[in-house]
Amino acid sequence: MTTVLEVCVDSLASARAAAAGGADRLELCSALAVGGLTPYAELLRQIKQCCTLPVRCLMRPRAGDFLYSEDELDLLCTQIETLRAAGADGFVVGALTPDGGLDEAAMRRLLAVCGGVPVTLHRCIDVSRDPAAVYRAAAALGVDTVLTSGGAAACEAGAETLAALLALRDETGGPEVLIGAGVSAAVIGRLRAQLPGARAFHMSGKMLRESGMRFRREGVPMGLPGLDEWHIQQTDEAAVRAARQALDAPLA
């Protein structure tokens, strides 16, 4: 059984840590603290210069829902073209209709610009009306992977839906089910025992790195009120290595 450990990163330091820890693939984004936004082409180039792992770029023009205007779709298409030229190995995309279905017209437009490289449907499926229907629609469009927590805030809570999607994958030969949200070595161990067909996991493996700033002016947030400006989120190599070991361990 071929396994996949994908690590979501938003910095060169995190990419290096993920690679050293044994990741198979990177999902590159910016602004991981808000769930991830489209990354910078310059960062992609920087990572590709020092890392041999395939990199799929998350395409999300803003935080919030996945109902996109024509202007936002235009922006996404331009961003995809820019990132393809910068060396992206694949993309992570998704769009929904107002009623919670997969926006197939928007998806076709985005996939056409992706130019045939591998594509993941992102976690828009987790806020859709019917995850199974969205999975089938994504499969028909040709995506090779669906990233999902099973429609829950964390993947363990979505185990029932994950089981249904894994069964659908096996029945139809559909896209890989990439399990994300709250993934750690311990969670991988428990879910593999509960869902023997689970073989692909997505994690960030974040730790908080203390800022090097000695002078710290308090009460002047640079973003959301209460956001800690003095700790930097970064992928922990040890957390990725532990996850790799959990994924490679033989099933009992």
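Only residues that are open to solvent by 50 Å² or more (accessible area, probe 1.4 Å), assigned to a loop (DSSP other than H, G, I, E, B) and touching a helix residue (DSSP H, G or I) at 6+ places or on another chain (Cβ under 9 Å) were counted in the stretch 197-234, giving 3. Among residues of the stretch 153-171 that are touching a residue at least 40 places away in the same chain (Cβ under 8 Å) and among the hydrophobic types (A, V, I, L, M, F, W, C), none has a Cβ under 7 angstrom from a residue that is buried (at least 20 other Cβ atoms within 10 Å of the Cβ) and part of a helix (DSSP H, G or I) at a sequence gap of 6+ or on a separate chain.
Take the stretch 21-31 and flag every residue that is part of a loop (DSSP other than H, G, I, E, B), modelled with pLDDT of 95 or more and surrounded by fewer than 22 Cβ atoms within 10 Å (Cβ to Cβ).
GLY22, ASP24
Go over the candidates LEU67, LEU75, LEU83 one by one and state the one that is assigned to a loop (DSSP other than H, G, I, E, B) and of a type outside the set (S, T, N, Q).
Numbers: LEU75 fails: assigned to a loop (DSSP other than H, G, I, E, B); LEU83 fails: assigned to a loop (DSSP other than H, G, I, E, B).
None of the others qualify; the one that does is LEU67.
Of the residues screened, LEU178 is not one that is open to solvent by less than 80 Å² (accessible area, probe 1.4 Å), under 24 Å from ASP126 (Cα atoms) and part of a helix (DSSP H, G or I).
Results for (1) more than 21 Å from LEU44 (Cβ to Cβ); (2) touching a Cys at 6+ places or on another chain (Cβ under 6 Å); (3) not basic (Lys, Arg), shown as yes or no for each residue.
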{"position": "ARG108", "(1), (2), (3)": "yes, no, no"}
{"position": "VAL113", "(1), (2), (3)": "no, yes, yes"}
{"position": "ASP126", "(1), (2), (3)": "yes, no, yes"}
{"position": "ARG169", "(1), (2), (3)": "yes, no, no"}
{"position": "GLN194", "(1), (2), (3)": "yes, no, yes"}
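Residue count for the stretch 120-132, restricted to those that are in a helix (DSSP H, G or I) and either under 12 Å from LEU96 (Cβ atoms) or touching a strand residue (DSSP E or B) at 6+ places or on another chain (Cβ under 8 Å) (or both): 6. With under 19 Å from ASP89 (Cα atoms), β-branched (Val, Ile, Thr) and at pLDDT 95 or above as the only criterion, which of VAL134, VAL143 stands out? Step by step, each of VAL134, VAL143 is checked, and only VAL143 is under 19 Å from ASP89 (Cα atoms), β-branched (Val, Ile, Thr) and at pLDDT 95 or above.
Say we look at the stretch 240-252 and pick out the residues that are touching a strand residue (DSSP E or B) at 6+ places or on another chain (Cβ under 7 Å) and not basic (Lys, Arg); which of these is surrounded by the fewest Cβ atoms within 10 Å (Cβ to Cβ)? Before the answer, list the steps.
Let us first name the residues in the stretch 240-252 that are touching a strand residue (DSSP E or B) at 6+ places or on another chain (Cβ under 7 Å), namely 240, 243-244, 247.
Remaining after also requiring not basic (Lys, Arg): 240, 243, 247.
Details: VAL240: 24, ALA243: 25, LEU247: 21.
Only one residue fits best here, namely LEU247.
Scanning the stretch 138-155 for residues that are touching a helix residue (DSSP H, G or I) at 6+ places or on another chain (Cβ under 6 Å) and either open to solvent by 20 Å² or more (accessible area, probe 1.4 Å) or part of a loop (DSSP other than H, G, I, E, B) (or both) gives LEU141, SER149, GLY150, GLY151, ALA152. Please specify each residue of the stretch 1-15 satisfying the condition of being part of a loop (DSSP other than H, G, I, E, B) and of a type in the set (S, T, N, Q). Once the filter is applied, which keeps residues that are part of a loop (DSSP other than H, G, I, E, B) and of a type in the set (S, T, N, Q), the stretch 1-15 yields THR2, THR3, SER11.
Can you tell me which residue is most open to solvent (accessible area, probe 1.4 Å) among those in the stretch 32-46 that are in contact with a Leu (Cβ under 6 Å, 6 or more places away or on another chain) and free of Cβ contacts under 8 Å to residues at least 40 places away in the same chain? Among them, the one singled out is GLN46.
The values are calculated or read from the model by the stated rules, or taken from the named source; none is laboratory data. Here the structure is a predicted model, which means the values were calculated and not measured. Cβ coordinates were reconstructed from backbone atoms using ideal geometry, including for glycine residues, and neighbour counts include every protein chain displayed. All accessible areas refer to the heavy atoms of the entire protein, side chains included, with ligands and DNA or RNA removed. Shrake-Rupley method; radii C 1.70, N 1.55, O 1.52, S 1.80 Å.
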